[in-house]
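Below is one structure, written out as structure tokens, with a few remarks after it.
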Amino acid sequence: MTATPTARWLRRPAGTPVQLGYGADYNPEQWPREVWKEDVRLMQEAGVTIVSLAIFSWARLQPAEDRWEFGWLDEVMDLLHDAGIAVDLATATASPPPWLTARHPEILPVTARGETVWPGARQHWRPTSPVFRTYALRLVEAIATRYAEHPALAAWHVNNELGCHNVYDYSEDAARAFRVWLRARYGSLEALNQAWATSFWSQVYGDWAEILPPRLAATHPNPTQQLDFTRFSSDALLDHLRAEREVLRRLTPDVPVTTNFMVMGTTKGMDYAGWAGDVDFVSNDHYVTPGPQSLDELSFSANLTSAIAGGRPWFLMEHSTSAVNWQPVNQAKRPGEMARDSLLHVAHGADAVCFFQWRQSAGGAEKYHSAMLPHAGPDSEVFRAVTALGATLRDLAPVTGSVRQPARAAILFDWQSWWAAELDSHPTDRLRYRQEALDWYSAFLALGVRADLATTGTELSGYDVVVAPVLHLVPQALADRLTAYVDGGGHLVTTYFSGIVDENDHAWLGGYPGALRDLLGLRIEEFAPLPDGVSVQLDDGSRGTLWSDRITVTSPDVDVLARLAEGESAGLPAVTRRRAPGGGSAAYVSTRLGPDGLTPLLDRLLAAAGVASELPPAARGRVELTVRTDGSRVFWFLVNRTDAPVVLPLSPARVLAGLSDGEGRITLAPRGVAVVQYPPDEAPGDRERAAAGPRPL
Ligand code: GAL
């Protein structure tokens, strides 16, 4: 279940203006002291309000086990405070210094193949190492004690991107901690043997000490062991977060604690929905994944972060002003992209916009990574754009603290299904859980219909439509919830490989889609995955790849929305929808249609549920709309997804950002963003909503 964050925001002195945060990671230890004053002056010029400090400073703060050097940090904290800049102060535990790893090499992670992960980069520590934990907490204690009362201290930043490089560790420490975790989960070896189906391949355990992490094996390791190790690895990092947080809460109970999540295309190992309740506010880092869906993916990640934050404001801790340094080819952002990307996060609930990093490094592995202040210095396009964005964020002060106004549709995203659906030894190794969810999201964007990302902890009953792509792992309780949702009038849409296994990754028996068979009113005896290059033609004109099913309809209430149109399976159902007695429905899509194929299908399904776009027709697909509200005002964020101007016939009460001609039209520049404010119940979408009713399929 998603635990929502405790909703404490930055600690700031009374009288501090309420505004969106703006800033970056600040690494002054990379620069001589003379530079610090210039940094702070330019930060003020750019409108910076907050920086994250000391993230990788362990070696500078504690140069030897018994030596502490806080003088330089005192100076930086004071400089920032004098300039009115708040500090999100790191606990500095992300990268253990050489003296520590030299003395205690047993803190270094071990790969599944038994290789040591050596120092030389960062995050070379075992989440389960008691030795590392002791040294890390000593550092946290020292920092928290020293800066508890510092007026610049606004929040604690635990470690950095927990699990970015060290989520999976197969060491002896990990083995010991895994056994403890398993005992707590299963209670007895009998229960574990049952859950792991160890009768298969003679894997029955007779003693806890025999159990190992899924290290390099002769062939497919036990899938439930793998799934549990993934769960355990996420929990081990969460345990570290809690340990640091407990020290911070003890010493500074009034300072909120956060840590930067990585809800983005490249990160899978951490169940952030399950972590959210352990921070005072959610923070996220996001870097654009280049490709045709890059902007959709940014929006998807921001939206999912909002779901994890329970719809409340969250903190964008890192993104990039321009190029990164870790992709095969690192492309610079085009004019307007930085501001649009930043504001799209705000559109989805970010109340702070920060970058990695303030000043571009001259040395080290990230010297080609962009920053707010690039190598070229302040006389640069990047710095001018950074300063302009600072001014825009000041104009947007009224949206601070507003929450997401729920959409009528949601996409359910579940880490358990993600992890389980992509295990090895499956019908296909080509399935990508997040990609399927993103494709549905792209279809919503193409139609101009808002959809919230939701987690299994989100209350679904308020949504007219819930799309649950590849909901592979469905415990009985989740099946019951979805059934109740449909019985209550909700419209559920799910896809291939859904409802297949329970929480132990055991197949539900009696035919697929197992746990959802009755709800969907169909039965499948065998999967029919498609090899690369092979696709299936549907009679609605779309083509499917990756997967197909031989569906038998088992309920008279099932309508077939599309059939297979070619080959031996021609005529078999490919897309179905069961009408439920309470007016709800349960639809099933048996193949991968991709954004182009999903868009017309989703249009039909939404129309049947009475869900329509709130945007003027000409803007649909070209503009993304998100809505935030503080109860007395409604804020529409209109984001131009194209490289051409878009004119919208909308009469705003007040334009906070973007261009209005004063005659009922708003012009969005290429890649531009407008933010408009309405009194409640007067936003155009509210009128559309009142007028819309269900249309027949
Ligand atoms: C993040 C990390 C930062 C920096 C950045 C570069 O993963 O937290 O320290 O490395 O990536 O994109």
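The values are calculated or read from the model by the stated rules, or taken from the named source; none is laboratory data. Note that this is a predicted model, so its numbers are computed, not measured. Note that we place each Cβ from the backbone using ideal geometry, even for glycine, and neighbour counts take in every protein chain shown. The area values use the complete protein model at the heavy-atom level, side chains included, leaving out ligands, DNA and RNA. Shrake-Rupley method; radii C 1.70, N 1.55, O 1.52, S 1.80 Å.
One table, with the values for the structure above:
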{"quantity": "Test for residue 234: is it away from the ligand (no atom under 16 Å from the Cβ), of a type in the set (S, T, N, Q) and in contact with a helix residue (DSSP H, G or I) (Cβ under 9 Å, 6 or more places away or on another chain)", "calculated": "yes"}
{"quantity": "Residue count for segment 298-318, restricted to those that are within 16 Å of the ligand (Cβ to nearest atom), over 16 Å from residue 671 (Cα atoms) and either touching a residue at least 40 places away in the same chain (Cβ under 8 Å) or small (Gly, Ala, Ser) (or both)", "calculated": "5"}
{"quantity": "Top-ranked residue in segment 606-629 [being in a strand (DSSP E or B) and not β-branched (Val, Ile, Thr); ranked as most open to solvent (accessible area, probe 1.4 Å)]", "calculated": "620"}
{"quantity": "Selection within segment 121-143 - among the β-branched types (Val, Ile, Thr) and either touching a residue at least 24 places away in the same chain (Cβ under 8 Å) or within 16 Å of the ligand (Cβ to nearest atom) (or both)", "calculated": "128, 131, 140, 143"}
{"quantity": "Subset of segment 409-446 [in contact with a strand residue (DSSP E or B) (Cβ under 7 Å, 6 or more places away or on another chain) and open to solvent by 30 Å² or more (accessible area, probe 1.4 Å)]", "calculated": "416, 427"}
{"quantity": "Single residue of 321, 392 found to be of a type in the set (Val, Ile, Thr) and within 16 Å of the ligand (Cβ to nearest atom)", "calculated": "321"}
{"quantity": "Residue 322, sole failed condition from (1) in contact (Cβ under 8 Å) with a residue 40 or more places away in the chain; (2) farther than 21 Å from residue 23 by Cα; (3) open to solvent by 10 Å² or more (accessible area, probe 1.4 Å); (4) hydroxyl-bearing (Ser, Thr, Tyr)", "calculated": "(2)"}
{"quantity": "Residue identified as open to solvent by 30 Å² or more (accessible area, probe 1.4 Å), more than 21 Å from residue 421 (Cβ to Cβ), assigned to a helix (DSSP H, G or I) and out of contact with any Pro (no Cβ under 6 Å at 6 or more places or on another chain) among 540, 559, 603", "calculated": "603"}
{"quantity": "Filter result for residue 63 (crowded, with 24+ Cβ neighbours inside 10 Å and not aromatic (Phe, Trp, Tyr))", "calculated": "no"}
{"quantity": "Checklist (1) outside any helix (DSSP H, G or I); (2) surrounded by 13 or more Cβ atoms within 10 Å (Cβ to Cβ) applied to residue 340, failing item", "calculated": "(1)"}
{"quantity": "Where residue 651 falls short, out of the listed (1) closer than 22 Å to residue 349 by Cα; (2) of a type outside the set (A, V, I, L, M); (3) open to solvent by 10 Å² or more (accessible area, probe 1.4 Å)", "calculated": "(1)"}
{"quantity": "Sole residue being within 31 Å of the chain's Cα centre (by Cα), modelled with pLDDT of 95 or more and over 24 Å from residue 24 (Cβ atoms), chosen from 89, 100, 80, 108", "calculated": "108"}
{"quantity": "Which numbered condition residue 146 fails, given (1) away from the ligand (no atom under 16 Å from the Cβ); (2) surrounded by 23 or more Cβ atoms within 10 Å (Cβ to Cβ); (3) under 23 Å from residue 50 (Cα atoms)", "calculated": "(2)"}
{"quantity": "Exclusive hit being within 26 Å of residue 286 (Cα to Cα), of a type in the set (Val, Ile, Thr) and either open to solvent by 60 Å² or more (accessible area, probe 1.4 Å) or without any contact (Cβ under 8 Å) to a residue 60 or more places away in the chain (or both), set 48, 18, 76, 87", "calculated": "18"}
{"quantity": "Tally of residues being away from the ligand (no atom under 16 Å from the Cβ) and buried (at least 20 other Cβ atoms within 10 Å of the Cβ) across segment 357-384", "calculated": "1"}
{"quantity": "Contacts under 6 angstrom Cβ, first residue in segment 258-272 being over 22 Å from residue 341 (Cα atoms) and away from the ligand (no atom under 14 Å from the Cβ), partner outside any loop (DSSP other than H, G, I, E, B) and at pLDDT below 95, 6 or more apart", "calculated": "none"}
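Rundown of residues vs (1) out of contact with any Lys or Arg (no Cβ under 8 Å at 6 or more places or on another chain); (2) closer than 15 Å to residue 159 by Cβ; (3) part of a helix (DSSP H, G or I); (4) open to solvent by less than 10 Å² (accessible area, probe 1.4 Å), yes/no style:
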| site | (1), (2), (3), (4) |
| --- | --- |
| 230 | yes, no, yes, no |
| 242 | yes, yes, yes, no |
| 277 | yes, no, yes, no |
| 281 | no, no, no, yes |
| 295 | no, no, yes, no |
| 306 | no, no, yes, yes |
